[in-house]
């Protein structure tokens, strides 16, 4: 969904619109707050699925809340490679594998707009828009959904059912894995203690529905979607190696346990599975569904394509690796989370296989990530953290399995619960890419500083 509106005029409109709400928030815990909702400020950190805890605000009629996320970054990263044909110092002389030249500077500010509407008791609507991002400087609607934590049906059966059940329907961020709850999403970078998402970024907005059941810390979910970031009614196209033209929905499952063992100790373990056996027009986007872009700008990217320097829109996902499973995919993610006092551990293991419509055999990709964060201060408003992330993947047209790994050190300070200043030192390496590929022997390192506002 797209509308061409100046991001600068949008930012001014939003700032003027939300100013009264921010002022009132100092005296009243976020005027207009919807029920069963994840806050966009520091209170939303380490929130995964919304809970079934009864809401403390009684329903007295429809209410509307405006929220936003703003992010501004300063980047000082350096990149190099050892690929063939990487010479040249100008656009006119740059060879095919010459990396984009980098210098310290500010990246384009990113901004999100959130509209949350309490439609009825236990029923809320969310619409999220990207006002400005690396991949799209114009406004895009991320999606919208309705969440039911109560149903407008009379009877003890329905009341008891909805005490443990949540239903979400719409065009929404699908709940595959737990890593997407901690990633940066355009202007909303406050939940992420680091700068970037994982190298293999399992994130997509798809049209479908999800049903959750939660009780005593145990939870389960089943979801069905169209498997693409937008609607499509076209039939699948046959290729020379794949006559499969039927269209299947994506089916995904999730289950786990999330318990507060003591006042200071919380443990969560979850497993997720995503499946689609046939997508139209090679449209699956589980690892390519982000419409905002990476928080590392232009690193390890080709400088010139078709005789001209590539724009940020064309190379918006720097530092990531998309395995390209666009026709068929089976993916599994296992996550573990521990919070003990101010210490947090978050771990991810992921394995996926699939192919494009021009391939006959499935390829595989695997990923793991471990991170430790220590938050301190009276309100845990200061933190330090370290993350290691590695991906091994078989890519289309490549003989050998490639490897990409990243280590990042981060620190942050919540000036208020709405305002975060954070910095990261990062080092990323690319291994086993052929010498004819621009990522051969590539690496980048340096630091990024980021200021984030979320409310």
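Computed quantities for the displayed model
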| item | result |
| --- | --- |
| Label-point separation in nm, residue 43 to residue 159, each point 7 Å along Cα→Cβ | 2.8 |
| Zone residues, the range 268-311, relative to residue 362, backbone N less than 20 Å from point 7 Å out along Cα-to-Cβ | 271-288 |
| Segment residue 74-residue 119, extension gain: residue separation times 0.36 nm, minus the distance between their alpha carbons | 12.2 nm |
| Protection proxy ranking of 186-195, 149-158 - average other beta-carbon atoms within 10 Å, highest first | 186-195, 149-158 |
| Segment residue 216-residue 386, extension gain: residue separation times 0.36 nm, minus the distance between their alpha carbons | 58.0 nm |
| Segments 416-422, 296-302, 212-218, 92-98 sorted - mean Cβ within 10 Å per residue, highest first | 296-302, 416-422, 92-98, 212-218 |
| Fewest-first ranking of 108, 159, 292, using other Cβ atoms within 10 Å as the exposure measure | 159, 108, 292 |
| Helical mean residue ellipticity (222 nm; -39500 (n - 2.57) per DSSP H run of 4+; nearest 500) of the chain | -2000 deg cm²/dmol |
| Between the range 90-167 and the range 172-194, the alpha-carbon center distance in angstrom | 10 |
| Reference-scaled alpha-carbon Rg (2.2 N^0.38 Å with N residues) for the range 72-178 | 1.84 |
| R0 of 35 Å, Cβ-Cβ distance residue 232-residue 378: FRET efficiency to nearest 0.05 | 0.10 |
| Distance (nanometres) between label positions extended 7 Å along Cα→Cβ at residue 259 and residue 399 | 5.3 |
| Kirkwood Rh in Å, taken over the range 339-429 so that all alpha-carbon pairs contribute | 15.6 |
| Under the Debye formula (equal points on every Cα, no solvent term), log10 I(q)/I(0) of the range 142-294 at q = 0.11, 0.21 Å⁻¹ | -0.54, -1.37 |
| Percent RCO, i.e. relative contact order, over the range 7-454, from Cα pairs under 8 Å lying at least 6 residues apart | 17 |
| Potential lengthening between residue 314 and residue 96 on full extension [0.36 nm per residue; Cα-Cα distance subtracted] | 76.9 nm |
| Sequence-separation-based contact order of the range 345-422, relative, with Cα cut under 8 Å and 6+ spacing, percent | 23 |
| Debye equation applied to the C-alpha atoms of the range 313-353, log10 I(q)/I(0) at 0.18, 0.24, 0.31, 0.32 Å⁻¹ | -0.76, -0.89, -1.03, -1.05 |
| Inter-probe distance in nm under a simple model that places probes 7 Å from Cα toward Cβ, at residue 447 and residue 106 | 1.9 |
| Convex hull volume of the range 7-454 per residue (C-alpha atoms, cubic angstrom) | 150 |
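Bear in mind that the values in this text are calculations on the coordinates, not laboratory data. All of these numbers come straight from a predicted model, not from anything done at the bench. Reconstructed Cβ throughout: ideal geometry from the backbone, glycine too, with neighbour counts over all protein chains shown.
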